[in-house]
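Here, each number is a calculation from the coordinates, and none is a lab measurement. Just so we're clear, the structure is a prediction, and the values are computed from it rather than from any experiment. Here Cβ is always computed from backbone atoms with ideal geometry, including for glycine, and neighbour counts include all displayed protein chains.
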Amino acid sequence: MPQTTPTEPSRRADIAAAIAYLVDNYADQPSLEDVARIAGIHPHHFQRTFKASTGVSPKRFLQYVTIGHAKTLLQGRTNLLDAAFEAGLSGPGRLHDLFVACEAVTPGQFKCRGQGLTIRYGVHDSPFGRVLIGVTERGICRLGFVDGDDEAAAVQTFAEEWPAATLIDDAKTTSAAAGKAFRFALQKAPNTAPPGLDVVGTNFQIKVWESLMRIPRGGVVHYQDIARAIGQPTAVRAVGRAVGRNPIAVLIPCHRVILKSGAIHNYRWGTGRKRAILAVEAAGRE
């Protein structure tokens with residue numbers, strides 16, 4: 001019987017702290033001992049714990065947390081999204097294979113979303129910080145990172161996004177959904193069925209979100225690429241707004257969209273977190 005690591009899920013918050021420290025201090029090239037001290041884990045166990053949680057070693061993660069990382073990814077991949085669209089949905093282990101139950105609605109209907117719907121929600125630890133997850137009978141309808149320690153504000157924002165829904169605080173139920181989401185996102189369970197998603201948005205938003213799911217793991221594209229892919233090459237600003245309103249972090253990978261200059265910015269849940277997620281994906285891809 002395979003051994004289970006004693007650090008998951010009990011150590012997720014500690015690993016999140018280590019990741020945040022590496023993102024903020026990568027230029028100083030902190031030692032393994034330095035980062036292990038931040039995590040509160042003995043250096044002897046830290047490397048194994050970090051890899052068990054993220055899928056990559058601390059050293060490899062640090063290598064990819066650089067300002068020039070996005071530019072490196074972009075070399076030779078200017079048609080990445082076009083190629084993904086041409087290839088279609090293939091390979092059960094890819095994030096862009098996620099099944100999404102989408103509902104395109106009118107602006108008026110969008111304001112009343114959630115009517116007659118019951119959503120269970122909870123706040124849980126992840127390798128990238130605390131997350132709030134909402135789940136319906138059809139799948140995950142919300143997965144967002146908590147800003148600082150303000151869980152009440154995160155719940156309030158969530159409630160405002162589903163004004164007509166019945167919300168039930170049920171962390172016991174949502175814990176399984178959160179665990180499955182990050183195991184799949186980090187490719188720790190590549191042969192399992194992907195989590196189902198249940199998203200509601202305008203027709204334009206859904207087109208943008210679907211295009212995000214076609215970006216291969218470890219790759220990045222520009223906002224212009226998304227606009228062109230959905231057949232509206234001049235709608236770059238509107239694409240940016242739709243990307244910013246993505247309700248499901250990591251699984252609908254809005255973190256893979258960057259500026260044409262290669263700069264990593266404007267992530268709904270923080271630039272540092274975006275850089276960390278990209279680094280984990282790129283390091284695990286090789």
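Restricting the calculation to Cα atoms, the stretch 12-65 yields a radius of gyration followed by a Dmax of 9.6, 25 Å.
Taking Cα centre as origin and charging only the Cβ of basic (Lys, Arg, +1) and acidic (Asp, Glu, -1) residues, the dipole magnitude of the stretch 134-286 rounds to 740 debye.
Rounded to the nearest 0.05, what FRET efficiency is calculated for residue 241 and residue 45 with R0 set to 41 Å and r the Cβ-Cβ distance? The pair residue 241/residue 45 has a calculated efficiency of 0.40. Dipole check for the stretch 12-65: with +1 at the C-beta of Lys and Arg, -1 at the C-beta of Asp and Glu, and the Cα centre as origin, the magnitude is about 280 Debye.
Pairs exceeding 26 Å between alpha-carbon atoms, taken from 207/260; 51/260; 51/274; 172/274; 180/260: 51/260; 172/274; 180/260. With K and R counted +1 and D and E -1, the other residues having a Cβ less than 11 Å from that of residue 235 yield a net charge of +4. If R0 is taken as 51 Å, the Cβ-Cβ distance between residue 232 and residue 169 corresponds to a FRET efficiency of 0.80. The stretch 219-286 and the stretch 115-192 have Cα centres spaced 21 Å apart. Taking 0.36 nm per residue of separation and subtracting the current Cα-Cα distance, fully stretching the chain between residue 149 and residue 193 would add 12.6 nm.
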